Amino acid sequence: MRLRRLILPVLLLLIVIAAALWYFWPHSSNPNALWNIISQKCLPNQQSNGKPAPCAQVDEQQGFVVLKDMNGPLQYLLMPTARITGMESPALLEPATPNFFSQAWAARHYMAEKYGKPIDDSNVSLAINSQYGRSQNQLHIHISCLLPEVKNRLIKDGAAMGYDWQELPDKLLGHTYLARKVTPAELNQRGAFRILAEGVPEADKKMGHFGMAMVSLQGGDFLLLASERDLLKLNNASTEEIQDHDCKVLNPLP
């Protein structure tokens, strides 16, 4: 009798857990959609007729493409021309791998060109989601606007950060973030992925658990951000959460 009374609560708990996992676990009808666009459209078009469509840019020598994302008026994606799935890929820590974060920051000009006028760097952000917080299995860095509330928080907290990883004093959108300043020279020389892997204990052994983001700071430095997956706190390290693809920070949009 006692066993029977326990069965129903246990079943209900399992249903709740399954529903939560379904909701927070990224799923897509085709997780290779971005890679198919790169390999079957952008690269062949660039090679055959010198036009990168549907990509905005294909740079085979530097190993990247830039694609206008379907979501938002100004969001772009920077992706490798090689098959690199994401944060968990060992290739990201190899010295010969292109510096994708530096390339993505340089590609922010596509946002301004689409917008029709200059966009202050303080309104721009980069983000890459963790292995568990993404829907596509091709590395892609989101180039998009920064959420106004995050922008205001980082103006306050970002200036207090040093050049070593430490927790932001306040959570962002309810999640704990690590942060550190980085100079443009260090970013170009080491790359964001190696800065994380070499600076946060054990990060190199579980890179796929991290999402990363980057914003600019007054004075010319950048602020790197990192969030680690924590299912108990319902955090899949989708750092894209700090972005606003509707670009309210630029309102009114043309």
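The values are calculated or read from the model by the stated rules, or taken from the named source; none is laboratory data. Since the model is a prediction, treat every value here as computed from it, not as a measurement. Cβ placement follows ideal geometry from the backbone for every residue including glycine, while neighbour counts extend to all protein chains displayed. The protein model used for the area step is the full one, side chains on, heavy atoms only, and it has no ligands, DNA or RNA in it. Shrake-Rupley method; radii C 1.70, N 1.55, O 1.52, S 1.80 Å.
Quick notes on this one:
- What a 1.4 Å probe finds exposed on the chain is 56% carbon and sulfur by accessible area, rounded to a whole percent.
- Amide H partners (placed H, <5 Å) of Leu172, local residues excluded: Tyr177
- Contact order normalised by residue count of the chain, Cα under 8 Å, 6+ apart, percent: 21
- Shape category assigned to segment 194-254 from the gyration tensor of Cα positions, a/c cut at 1.5: oblate
- The alpha-carbon of Lys206 sits under 13 angstrom from the alpha-carbons of these aspartates and glutamates, leaving out residues fewer than 8 places away in its chain: Glu88, Glu198, Glu228, Asp230.
- In nm, spacing of pseudo-spin labels at Asn45 and Ala96 (7 Å Cα→C-beta vector): 3.0
- Given Lys51/Lys114; Lys68/Lys205; Lys114/Lys171, the pairs whose alpha carbons are separated by over 24 Å: Lys68/Lys205; Lys114/Lys171
- Scalar couplings 3J(HN,Hα) for segment 110-127, obtained by applying the Karplus form with A = 6.51, B = -1.76, C = 1.60 to θ = phi - 60°, are 5, 4, 5, 5, 5, 6, x, 6, x, 10, 4, 4, 5, 9, 10, 9, 10, 8 Hz; x denotes Gly and Pro.
- Computing Rg and the Kirkwood Rh from the Cα coordinates of the chain gives a ratio, Rg/Rh, of 1.02.
- Between Lys206 and Leu232, the modelled label-to-label distance comes to 1.1 nm, taking each label 7 Å out from Cα in the direction of the beta carbon.
- Peptides 209-221, 165-177, 56-68, ordered by how many other C-beta atoms sit within 10 Å of their residues on average, highest first, read 209-221, 56-68, 165-177.
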